[in-house]
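Note sheet for the following structure.
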Amino acid sequence: MPRAIWTGTISFGLVNVPVRMYTAVSRKTVRFNQLDARSGSRIRLKKVSALDGEDVPNDAIVRGYEVSPDNFVIVTDDELAALDPEASRTIDLAEFVALDEIDPIHFDGMYYLAPDPALAKSYALLAEAMTRAGRAGIARFVMRGRQHLAAIRPVDGHLVLATLVYPDEIRDPAEIDEFDEISDIQLPEAELQMAAQLVESLSTDFDGERYTDTYREKVLDLIQRKADGQEVLTEVASAPTQPVVDLMAALEKSVEEAKMARRAGEDEAEDQKRSA
């Protein structure tokens, strides 16, 4: 059972909607421990003082901001909380926008907002009103010592909150020198049409269930085989892909392969229907 990481209220005009926040994503990464190759024992990381190398207990650790080299200002949790006490437990819905107006580059973390069981009616009312309006709510709230910008949208009757990065946190594409290389390129119409045909031949409805983390699966299989005492042979990685010389020929071949793959997929789906 997941645990709520934040509790508070959504402020919607004069209406307050109590909610509990849960992480919507559970990362499936393969985690390794650092070991001493000589003994196989785990490596432990310690919190030590840079002054004398002594261990520092957790209750002696404070938060500091470096204002100049080796010169820190200490800031306490109470001092931070006093800066915005009203917002510390409130998600303030400021406005409603069409979701497709938000560039995906702004999206960060994803969270579920669950209702307080005793006051679920106000939650259901807000979710239904947003669904009928086809709008997402833009809000601010404070969590873990930071004010977040967020978009809240209704999904099948429940609310999903996506934290957003602020505009000044998004890197300007002009900082990437390689983008300058494409500014003066003239694209032949025939190649554009063939590329559009390739895009069309590969187009379908998104279904996340079709995708799995194949690299993670291979890593776990490797670990299992080694744990079972099997000898694992390491293959040298293949050479990097060579650049395409004849772009038009590559596009034409790609379109044909995409069509063949689609026909094979349709035939397989039809066979499955017959055998069902």
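The values are calculated or read from the model by the stated rules, or taken from the named source; none is laboratory data. No experiment lies behind these values; they were computed from the predicted model shown. Heads up, the Cβs are rebuilt from the backbone with ideal geometry, glycines too, and the neighbour counts pull from every protein chain shown. Please note that ligands, DNA and RNA were not included when accessible areas were found on the heavy atoms of the full protein model with its side chains. Shrake-Rupley method; radii C 1.70, N 1.55, O 1.52, S 1.80 Å.
Condition first: open to solvent by less than 80 Å² (accessible area, probe 1.4 Å) and out of contact with any strand residue (DSSP E or B) (no Cβ under 8 Å at 6 or more places or on another chain). Can you find one or more residues in the stretch 63-73 that meet it?
yes
Matching residues to (1) open to solvent by less than 80 Å² (accessible area, probe 1.4 Å); (2) touching a Lys or Arg at 6+ places or on another chain (Cβ under 9 Å); (3) at pLDDT below 85; (4) of a type in the set (S, T, N, Q):
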| site | (1), (2), (3), (4) |
| --- | --- |
| Tyr211 | no, no, yes, no |
| Leu222 | yes, no, yes, no |
| Asp228 | no, no, no, no |
| Thr234 | no, no, yes, yes |
| Thr241 | no, no, yes, yes |
| Ala250 | yes, no, yes, no |
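Being out of contact with any helix residue (DSSP H, G or I) (no Cβ under 8 Å at 6 or more places or on another chain) and at pLDDT 90 or above is the filter here; which residues of the stretch 135-148 pass it? Before you say what the answer is, go through the steps one by one.
Keep residues of the stretch 135-148 that are out of contact with any helix residue (DSSP H, G or I) (no Cβ under 8 Å at 6 or more places or on another chain), which gives 138-139, 143-144, 146, 148.
Correct list: Ile138, Ala139, His148.
Output the residues belonging to the stretch 1-42 that are aliphatic (A, V, I, L, M) and open to solvent by less than 80 Å² (accessible area, probe 1.4 Å).
Of the residues in the stretch 1-42, the ones aliphatic (A, V, I, L, M) are 1, 4-5, 10, 14-15, 17, 19, 21, 24-25, 30, 35, 37.
Answer for the stretch 1-42, where residues must be aliphatic (A, V, I, L, M) and open to solvent by less than 80 Å² (accessible area, probe 1.4 Å): Ala4, Ile5, Ile10, Val15, Val17, Val19, Met21, Ala24, Val25, Val30.
Can you pull out every residue in the stretch 97-129 that is open to solvent by 80 Å² or more (accessible area, probe 1.4 Å) and under 27 Å from the mean Cα position of the chain (by Cα)? Explain how you work it out, then say what you get.
Our first condition is that a residue be open to solvent by 80 Å² or more (accessible area, probe 1.4 Å); within the stretch 97-129, this holds for 100-101, 103-105, 108, 112, 117-119, 121, 125, 128.
Passing the criteria: Asp100, Glu101, Asp103, Pro104, Ile105, Asp108, Tyr112, Glu128.
So that you can scan it fast, the table gives a plain yes or no per residue for (1) hydrophobic (A, V, I, L, M, F, W, C); (2) in contact (Cβ under 8 Å) with a residue 12 or more places away in the chain; (3) part of a strand (DSSP E or B); (4) more than 29 Å from Leu93 (Cα to Cα):
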{"site": "Ala4", "(1), (2), (3), (4)": "yes, yes, no, no"}
{"site": "Ile10", "(1), (2), (3), (4)": "yes, yes, yes, no"}
{"site": "Val17", "(1), (2), (3), (4)": "yes, yes, yes, no"}
{"site": "Arg20", "(1), (2), (3), (4)": "no, yes, yes, no"}
{"site": "Lys28", "(1), (2), (3), (4)": "no, yes, no, yes"}
{"site": "Arg31", "(1), (2), (3), (4)": "no, no, no, yes"}
{"site": "Ser39", "(1), (2), (3), (4)": "no, no, no, yes"}
{"site": "Ala50", "(1), (2), (3), (4)": "yes, no, no, yes"}
{"site": "Gly53", "(1), (2), (3), (4)": "no, no, no, yes"}
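When only residues in the stretch 126-150 that are among the charged types (D, E, K, R) and in contact with a strand residue (DSSP E or B) (Cβ under 6 Å, 6 or more places away or on another chain) count, which is nearest to Arg63 (Cα to Cα)?
We begin by selecting, within the stretch 126-150, every residue among the charged types (D, E, K, R); these are 128, 132, 135, 140, 144, 146.
Retained after the next criterion (residues that are in contact with a strand residue (DSSP E or B) (Cβ under 6 Å, 6 or more places away or on another chain)): 135, 140.
Details: Arg135: 39, Arg140: 24 Å.
If we take residues in the stretch 126-150 being among the charged types (D, E, K, R) and in contact with a strand residue (DSSP E or B) (Cβ under 6 Å, 6 or more places away or on another chain), then Arg140 is nearest to Arg63 (Cα to Cα).
Could you please tell me which pairs satisfy a Cβ distance under 8 Å, a separation of 6+ or placement on different chains, a first residue in the stretch 202-224 that is acidic (Asp, Glu), and a second residue that is open to solvent by 100 Å² or more (accessible area, probe 1.4 Å)?
Hits for this filter: Asp213/Lys28.
Considering each of Leu198, Leu149, Leu164 in turn, give the residue that is crowded, with 17+ Cβ neighbours inside 10 Å and under 30 Å from Ala258 (Cβ atoms).
From the options Leu198, Leu149, Leu164, the qualifying one is Leu198.
Looking at the stretch 84-96 only, could you name the residues that are surrounded by fewer than 12 Cβ atoms within 10 Å (Cβ to Cβ) and not in a strand (DSSP E or B)?
Pro85, Glu86
Can you tell me which condition Met143 does not meet? The list is (1) farther than 17 Å from Ala4 by Cα; (2) under 24 Å from the mean Cα position of the chain (by Cα); (3) open to solvent by less than 70 Å² (accessible area, probe 1.4 Å), and all the others hold.
Tallying (1) farther than 17 Å from Ala4 by Cα; (2) under 24 Å from the mean Cα position of the chain (by Cα); (3) open to solvent by less than 70 Å² (accessible area, probe 1.4 Å), Met143 fails exactly one: (1).
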